[in-house]
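Notes follow the structure.
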Amino acid sequence: MRYSEMFLPTIREVPSDAESVSHQLMIRAGMIRKLTGGIYSYLPLGYRVIRKVEQIIREEMNRAGAQEVFMPAVQPAELWQESGRWDMYGKELLRFKDRHMREFCIGPTHEEVVTDLVRNEIKTYRQLPRNLYQIQTKFRDEIRPRFGVMRCREFGMKDAYSFDADWPGADKSYDKMFEAYSRIFTRCGMKFRAVEADTGNIGGSFSHEFMVMAETGEDAVIFCSNPGCGYAANLEKAEIAGPESPGAAEAMKPLEEVHTPDVRTIEEVCAFLGVKAEDIVKTLIFVCDGKPAAVLVRGDHEINEAKLRSYLKCDSLELAADDVVLNVTGSPKGFAGAIGVKADVVADYSLMHMKNFVMGGNREDYHVRNANLERDFRVKAFADLRFATPLDRCARCGSPFEFARGIEVGHIFKLGTKYSKAMKAVYLDSDGHEQYMVMGCYGIGIGRTAAACIEQNHDDKGIIWPMSVAPYHVIITPVNVNDSGLAKASEEVYGALLARGLEVILDDRDERAGVKFNDADLIGIPLRVTIGPKRLAEGKVEVRERKSGETKVLAVPAALDYITDAFRREVDIKCFE
RNA sequence: CGGGGCGUGGCGCAGCCUGGUAGCGCACCUGUUUUGGGAGCAGGUGGUCGUGCGUUCAAAUCGCACCGCCCCGACCA
């Protein structure tokens, strides 16, 4: 493509409303433009990258035996009522009515539609397993879209759904997708880790997230430092080694109420009473499916709501409002404790052996010292309810954890029979008995993958595309298009590279060399051929690699071969043989 | 939804406090000189100052309301 004819508006200045590197660069490189909050257009350059990512996904999904379908974005409410998610999904689900006042939504995901499709067509174990996938636009009315295409409301997603006759089969389908995802993100040129994750409102028994490692990632992940163990998980999910063994027996001291006027936070309590955060027990009141619950953790720990939600097995969970706190504890916020609280009490494992601790007094401006389990209050159950800290140890092997940040580009779930039961997706087994299909579902955010790729592959001049997803492989930069010799040579190189099947930009704009070099760097084309008067007089051109900055001066035929080799070398996936 | 910030040519901003002429850089158009890392000179196009109501002789500027956007929290590919 000739640059002079392209719709490629690059921007020199950093847009003021873009925060993350990938967001800034996607706008500056003319890949995307915002239509409205969380809704973006892809311009030609951006869309080429999207199509490259999609193509890699297609190839790997097909290789793994999945088949591509295309399901509707608009979905009837009845299906969602059948699965129970019409009421559960919340405000993220964009709902509307048609002219007959029938209710619909725009699909944020497609478990309902695909389950409906499969239950109507698959009748026997002989037709299983099947894996159907699509690449399609989803809409999730996110509370706060941000970072451009990284977290937006309308976005492209590859979603796949597997249907198996039994659990071992479903495990096999899951493993195949795990393998396919690993190949996909490797081919996209990214460093990633698969980590165990919380299943959220998709549901199911088990899941892995594919995390692209980046300091700017929204997710915290932990890894076991022992390579032989290999445990890795989202911080939300990360299991902490169970209760420690009891320390030296300490005698219980008498409970003592202390006046602590206007002392509410852990920091304030520490300062006022001269105690350490780990000597305090923090009491938070939650409302779980309409019922209050008091949750206890040590003062230096944070409650993990995802763990709490899964432990309590509740659909809705939120911190209690002020009036509920007053009602349950008898005091305003800041003085809640477990003694005499009008709610079930659950506590983190770390409390099991605590003695003589400080906690809220359930009375305004009072705390208590020397509180003790059993003697002063009862805990209904102990569980792992908090976030891991750098002091914690791996639950599997006892080694220390390492912390990192990542961007969730893919998520695979073992759904089990959640949807097949709710929607009666059944088949007849070889004995003629009706059985529920065992499902899995597997998502990849397309735009997010492209954005994550930029987060990992850029420098201060712009994007550095891996060859496999680059919008073009080569850009030819004649230093001066008004020089007829340079123009002619550029056209020849352009034609020759196209003939070799490469995707090429010829920067035929009447701009100064510096402008063209900067644009080429910004949009991140992996290889640049510079054609200038001095080299050309010797029949030579320069080939520069974007990533390394390495420049080779070569005669034209040698340059063509070098470029072709570099292309093959980088797109070739050696890592899988 | 709660907390914070911002809306002024396409982009980045100043002006607002202390009401009275809309201004700067980049981009864009014309001419000219230039041509290997974002050129120089000369001339030029383009703005309902987010929207509405109010205060005032007079509002980008003061007040109120609304809308939009960005950042921080609960969601997720």
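The values are calculated or read from the model by the stated rules, or taken from the named source; none is laboratory data. Computed from a predicted structure; not experimentally measured. Don't worry about glycine lacking a Cβ; one is built from the backbone with ideal geometry, like all the others, and counts go over all protein chains shown.
Which count do you get for residues in segment A:82-127 that are in a loop (DSSP other than H, G, I, E, B) and of a type in the set (Gly, Ala, Ser)?
Number of matching residues: 2.
Are any residues in segment A:91-123 without any contact (Cβ under 8 Å) to a residue 40 or more places away in the chain and either touching a Cys at 6+ places or on another chain (Cβ under 8 Å) or within 13 Å of RNA strand B (Cβ to nearest atom) (or both), and if so, which ones?
Once the filter is applied, which keeps residues that are without any contact (Cβ under 8 Å) to a residue 40 or more places away in the chain and either touching a Cys at 6+ places or on another chain (Cβ under 8 Å) or within 13 Å of RNA strand B (Cβ to nearest atom) (or both), segment A:91-123 yields A:ARG95, A:PHE96, A:GLY107, A:PRO108.
Would it be correct to say that A:SER490 is closer than 30 Å to A:LEU25 by Cβ, surrounded by 13 or more Cβ atoms within 10 Å (Cβ to Cβ) and of a type in the set (S, T, N, Q)?
So A:SER490 fits the description; yes.
I'm trying to understand the selection: among the residues of segment A:538-565, which are more than 10 Å from RNA strand B (Cβ to nearest atom) and assigned to a strand (DSSP E or B)?
Matches in segment A:538-565: A:VAL543, A:GLU545, A:LYS552, A:LEU554, A:ALA555.
Can you find, within segment A:373-407, the residue that is farthest from the chain's Cα centre (by Cα) among those that are surrounded by fewer than 18 Cβ atoms within 10 Å (Cβ to Cβ) and within 15 Å of A:MET252 (Cβ to Cβ)?
A:ARG375
Sort out for me the strands (runs of 3 or more DSSP E) sitting completely within segment A:276-362 that have 1 or more residues that are within 16 Å of RNA strand B (Cβ to nearest atom), within 31 Å of the chain's Cα centre (by Cα) and more than 20 Å from A:GLU257 (Cα to Cα).
Counting at least 1 such residues, we get A:281-288, A:291-298, A:317-319.
Would you be able to say whether some residue in segment A:26-38 is in the same structural domain as A:ILE407 (by TED's automatic domain parsing), surrounded by fewer than 21 Cβ atoms within 10 Å (Cβ to Cβ), within 14 Å of A:GLY445 (Cα to Cα) and within 15 Å of RNA strand B (Cβ to nearest atom)?
No, segment A:26-38 contains no residue that is in the same structural domain as A:ILE407 (by TED's automatic domain parsing), surrounded by fewer than 21 Cβ atoms within 10 Å (Cβ to Cβ), within 14 Å of A:GLY445 (Cα to Cα) and within 15 Å of RNA strand B (Cβ to nearest atom).
Filtering segment A:257-282 down to residues that are under 15 Å from A:GLY337 (Cβ atoms) and among the basic types (Lys, Arg), which residue is surrounded by the most Cβ atoms within 10 Å (Cβ to Cβ)?
Among them, the one singled out is A:LYS282.
For segment A:440-457, indicate whether the set of residues that are over 30 Å from A:PHE192 (Cβ atoms) and of a type in the set (Gly, Ala, Ser) is non-empty.
no
Any residue that is in contact (Cβ under 8 Å) with a residue 40 or more places away in the chain, assigned by TED's automatic domain parsing to the domain that holds A:ARG51 and within 30 Å of A:GLU121 (Cβ to Cβ) - is there at least one of those in segment A:445-458?
Yes, there is a match, as at least one residue in segment A:445-458 is in contact (Cβ under 8 Å) with a residue 40 or more places away in the chain, assigned by TED's automatic domain parsing to the domain that holds A:ARG51 and within 30 Å of A:GLU121 (Cβ to Cβ).
Would you mind stating whether A:PHE178 is more than 19 Å from A:TYR133 (Cα to Cα), touching a residue at least 60 places away in the same chain (Cβ under 8 Å) and surrounded by fewer than 20 Cβ atoms within 10 Å (Cβ to Cβ)?
For A:PHE178, the condition - more than 19 Å from A:TYR133 (Cα to Cα), touching a residue at least 60 places away in the same chain (Cβ under 8 Å) and surrounded by fewer than 20 Cβ atoms within 10 Å (Cβ to Cβ) - is not met.
Show the residue pairs that are 6+ apart or on different chains and have beta-carbon atoms under 6 Å apart, the first residue being within segment A:526-539 and under 30 Å from A:VAL49 (Cβ atoms), the second being assigned to a loop (DSSP other than H, G, I, E, B) and near RNA strand B (Cβ under 7 Å from one of its atoms).
Qualifying pairs under 6 Å: A:GLY532/A:VAL479.
More than 16 Å from RNA strand B (Cβ to nearest atom), in the same structural domain as A:GLU215 (by TED's automatic domain parsing) and not polar (S, T, N, Q): is that true of A:ARG126 in this structure?
yes
Which members of segment A:368-384 meet the condition of being assigned to a loop (DSSP other than H, G, I, E, B) and at positive phi?
The answer is A:GLU374, and nothing else.
Would you mind finding the one in A:GLY532, A:GLY514 that is under 26 Å from A:MET26 (Cβ atoms) and either in contact with a Leu (Cβ under 8 Å, 6 or more places away or on another chain) or within 11 Å of RNA strand B (Cβ to nearest atom) (or both)?
Testing whether each residue is under 26 Å from A:MET26 (Cβ atoms) and either in contact with a Leu (Cβ under 8 Å, 6 or more places away or on another chain) or within 11 Å of RNA strand B (Cβ to nearest atom) (or both) leaves just A:GLY514.
Which strands (runs of 3 or more DSSP E) sit wholly inside segment A:385-498 and have at least 2 residues that are within 16 Å of RNA strand B (Cβ to nearest atom) and among the aliphatic types (A, V, I, L, M)?
Counting at least 2 such residues, we get A:401-416, A:438-445, A:474-478.
Suppose we filter A:PHE192, A:PHE178 for residues that are within 14 Å of the chain's Cα centre (by Cα) and within 16 Å of RNA strand B (Cβ to nearest atom); which single one remains?
A:PHE192
Restricting the search to segment A:172-210, which residues are of a type in the set (A, V, I, L, M, F, W, C), under 22 Å from A:THR417 (Cβ atoms) and at pLDDT 95 or above?
A:MET177, A:PHE178 - these are the residues of segment A:172-210 that are of a type in the set (A, V, I, L, M, F, W, C), under 22 Å from A:THR417 (Cβ atoms) and at pLDDT 95 or above.
So is A:ARG535 in a strand (DSSP E or B), at negative phi and buried (at least 16 other Cβ atoms within 10 Å of the Cβ) or not?
No.
What do you reckon, is A:ILE39 touching an Asp or Glu at 6+ places or on another chain (Cβ under 8 Å) and among the hydrophobic types (A, V, I, L, M, F, W, C)?
For A:ILE39, the condition - touching an Asp or Glu at 6+ places or on another chain (Cβ under 8 Å) and among the hydrophobic types (A, V, I, L, M, F, W, C) - is met.
Quick one: would you say A:LEU506 is hydrophobic (A, V, I, L, M, F, W, C), surrounded by 17 or more Cβ atoms within 10 Å (Cβ to Cβ) and touching a Phe, Trp or Tyr at 6+ places or on another chain (Cβ under 6 Å)?
So A:LEU506 fits the description; yes.
Of A:ASP164, A:ASP141, A:ASP159, which residue is touching a residue at least 12 places away in the same chain (Cβ under 8 Å), under 22 Å from A:GLY203 (Cβ atoms) and touching a Ser or Thr at 6+ places or on another chain (Cβ under 6 Å)?
Step by step, each of A:ASP164, A:ASP141, A:ASP159 is checked, and only A:ASP164 is touching a residue at least 12 places away in the same chain (Cβ under 8 Å), under 22 Å from A:GLY203 (Cβ atoms) and touching a Ser or Thr at 6+ places or on another chain (Cβ under 6 Å).
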